[in-house]
Amino acid sequence: MNDSIKREQSKLACPAEHENPRTKCKVISTKKAPAAIGPYSQAIQVGNLVFTSGQIPIEPSTGAFVEGGIKEQTRQSLANVKAILEEVGLSMSNVVKTTVFMADMNDFADMNSIYAEFFSEPYPARSAVAVKTLPKGALVEIEVIAEKG
């Protein structure tokens, strides 16, 4: 990789001190949502946008999956998203886009019934896709983009 590409990529990443004045990039972290289980952040804020990492149904106080099926897992995944957003003074009404990853598209109706409890009109844009497997065998993983404004 040439030096100019490395320099450009380094401008996009937030440094260890959690803020990059060139991009107005800020790492968002809260103990009210599960800690990252890999080399990523719970969320990143760039300008007025907040990008969450995918949230799986881990209960932050225990570090374990919630018991139950797709409904319980969807509720916990969205509760984790909500906790991350609240860390920067946002709510689910600030969400403009969601992506829902599901292990089985046959669970869509049940996932959707819980999803609807967390959002109101105007609903955010959404993509929902079935994937082969999710981290730790989760049934659902949800990421969002929210606007601070």
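The values are calculated or read from the model by the stated rules, or taken from the named source; none is laboratory data. Here the structure is a predicted model, which is why all the values come from computation and not from measurement. Note that we place each Cβ from the backbone using ideal geometry, even for glycine, and neighbour counts take in every protein chain shown. These area figures cover heavy atoms from the full protein model, side chains too; ligands, DNA and RNA do not enter into them. Shrake-Rupley method; radii C 1.70, N 1.55, O 1.52, S 1.80 Å.
Of all the residues in region 105-149, those that are under 15 Å from the mean Cα position of the chain (by Cα) and on the phi > 0 side of the Ramachandran plot number 0. Number of residues in region 105-117 that are of a type in the set (A, V, I, L, M) and either open to solvent by 60 Å² or more (accessible area, probe 1.4 Å) or in contact with a Cys (Cβ under 6 Å, 6 or more places away or on another chain) (or both): the value is 2. Residues in region 30-56 that are assigned to a loop (DSSP other than H, G, I, E, B), open to solvent by 20 Å² or more (accessible area, probe 1.4 Å) and over 19 Å from L139 (Cβ atoms): K31, K32, A35, A36, G38, P39, Y40, S41, G47, N48. Residues that are under 24 Å from V27 (Cα atoms), surrounded by fewer than 18 Cβ atoms within 10 Å (Cβ to Cβ) and free of Cβ contacts under 8 Å to residues at least 40 places away in the same chain occur at least once in region 93-104. Taking region 123-149 as the range and being open to solvent by 70 Å² or more (accessible area, probe 1.4 Å) and under 18 Å from P57 (Cα atoms) as the test, the residues that pass are K132, T133, K136.
Is it the case that some residue within region 69-92 is without any contact (Cβ under 8 Å) to a residue 12 or more places away in the chain and closer than 23 Å to K24 by Cβ? The answer is yes, given that some residue of region 69-92 is without any contact (Cβ under 8 Å) to a residue 12 or more places away in the chain and closer than 23 Å to K24 by Cβ. Among the residues of this structure, T99 counts as one that is out of contact with any Phe, Trp or Tyr (no Cβ under 8 Å at 6 or more places or on another chain), in a strand (DSSP E or B) and within 22 Å of F65 (Cα to Cα).
Restricting to region 57-87, give me the number of residues that are open to solvent by 20 Å² or more (accessible area, probe 1.4 Å), of a type outside the set (G, A, S) and either touching a strand residue (DSSP E or B) at 6+ places or on another chain (Cβ under 9 Å) or assigned to a helix (DSSP H, G or I) (or both).
Just the residues of region 57-87 that are open to solvent by 20 Å² or more (accessible area, probe 1.4 Å), to begin with: 59-69, 71-72, 75-76, 79, 82, 86-87.
Keeping just the survivors that are of a type outside the set (G, A, S) gives 59-60, 62, 65-67, 71-72, 75-76, 82, 86-87.
In the following step, the residues that additionally are either touching a strand residue (DSSP E or B) at 6+ places or on another chain (Cβ under 9 Å) or assigned to a helix (DSSP H, G or I) (or both) were identified as 59, 65-66, 71-72, 75-76, 82, 86-87.
Matching residues across region 57-87 total 10.
Any idea which residue in region 1-15 is farthest from G149 (Cα to Cα), counting only those that are assigned to a loop (DSSP other than H, G, I, E, B) and either at pLDDT 50 or above or open to solvent by 90 Å² or more (accessible area, probe 1.4 Å) (or both)?
Step one: of region 1-15, the residues assigned to a loop (DSSP other than H, G, I, E, B) are 1-2, 13-15.
With the extra rule that they be either at pLDDT 50 or above or open to solvent by 90 Å² or more (accessible area, probe 1.4 Å) (or both), the set shrinks to 1, 13-15.
Values: M1: 37, A13: 23, C14: 22, P15: 25 Å.
Once the filter is applied, the top-ranked residue is M1.
In the set (1) touching an Asp or Glu at 6+ places or on another chain (Cβ under 9 Å); (2) at pLDDT below 90, the condition left unmet by Q42 is number (2).
Taking region 107-149 as the search range and keeping residues that are in contact (Cβ under 8 Å) with a residue 24 or more places away in the chain and hydroxyl-bearing (S, T, Y), which one is nearest to N94 (Cα to Cα)? Looking at residues that are in contact (Cβ under 8 Å) with a residue 24 or more places away in the chain and hydroxyl-bearing (S, T, Y), I get S120.
Taking region 130-145 on its own, how many of its residues are assigned to a strand (DSSP E or B) and closer than 26 Å to I28 by Cα? Even if it seems obvious, please write down each step before you answer.
So in region 130-145, the residues assigned to a strand (DSSP E or B) come out as 130, 140-145.
Filter once more, keeping what is closer than 26 Å to I28 by Cα: 140-145.
Count: 6.
Every listed requirement among (1) among the hydroxyl-bearing types (S, T, Y); (2) in a helix (DSSP H, G or I); (3) open to solvent by 40 Å² or more (accessible area, probe 1.4 Å) is met by S120 save one, (2).
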